[in-house]
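Novice: I'd like to ask you about the structure that follows.
Please treat every number below as a calculation from the coordinates, not as lab data. What you are looking at is a predicted structure, and each value in this text was computed from that prediction instead of being measured. Cβ: placed from backbone, ideal geometry, glycine included. Neighbour counts: every protein chain shown.
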Amino acid sequence: MKSTVKTKLLFIVSLLFGLVFINAGLSKFFNYMPAPENLPAKFLKAMAAVAAIGWLMPLIGVAEILGGILIIIPRTRALGALIIFPVMAGIFLTTIVQDTSGLPVSIILFAILIWIMYDNKKRYLPLIQENQPEK
């Protein structure tokens with residue numbers, strides 16, 4: 001049985017995590033968060049390449065919004081984590097390769113996502129277990 005403190009802490013962390021991704025996704029549609037100044041040229045070049053693929057940013061935005069909403073709701077948190085995982089992997093790898101200034105935040109967000117996924121591991125097991133033939 002889960003402790004009440006752990007459950008409450010996980011809910012608060014999931015709420016904040018979900019809101020971060022909802023905000024990031026909405027910003028992809030409404031452009032209300034300006035890009036930070038002093039970004040390295042190779043990072044800007046990579047982001048321009050991603051933006052040149054017209055459908056990619058809206059897809060990422062929808063995944064961030066949907067995943068963020070699902071992570072906030074305890075019953076759908078496992079599904080939300082699966083939706084956010086490839087986005088978070090992309091953020092993490094881009095941060096490592098292109099601009100390491102955001103690495104501390106990326107590590108914290110990735111650790112939170114891993115905690116959420118670990119907490120929901122029983123929900124993922126049927127996805128990877130071998131199906132038993134029916135008798």
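Novice: Could you tell me which helices of the chain pass both thresholds, a Cα extent of 18 Å or more along their own axis and a mean Kyte-Doolittle hydropathy of at least 1.0, with helices taken as whole DSSP H runs?
Specialist: Qualifying helices, which must be both long enough and hydrophobic enough, are 4-30, 56-72, 77-97, 103-119.
Novice: Take every Cα pair under 8 Å in the chain that's 6+ residues apart, average their separations, divide by the length, and report that relative contact order as a whole percent.
Specialist: Contact order relative to length: 26 percent.
Novice: Excluding same-chain pairs closer than 8 in sequence, count the lysine pairs in the chain whose Cα atoms lie under 29 Å apart.
Specialist: Final tally of qualifying lysine pairs is 10.
Novice: Here is a further query. Order of 118, 124 from fewest to most other C-beta atoms within 10 Å?
Specialist: 118, 124
Novice: Sorted from fewest to most neighbouring beta carbons within 10 Å, what does the list 106, 3, 27, 14 look like?
Specialist: Going from sparsest to densest Cβ surroundings: 3, 27, 106, 14.
Novice: Given the options 34, 86, 58, state which has the largest fluctuation in a GNM of the chain using a 10 Å cut-off (strictly under) for Cα springs.
Specialist: 34
Novice: Just to be sure I understand: with springs between alpha-carbon atoms less than 10 Å apart, which residue in 50, 87, 20 has the highest mean-square fluctuation in the Gaussian network model of the chain?
Specialist: 50
Novice: Using a Gaussian network model on the chain with a 10 Å cutoff between Cα atoms, which of 54, 67, 102 fluctuates the most?
Specialist: 54
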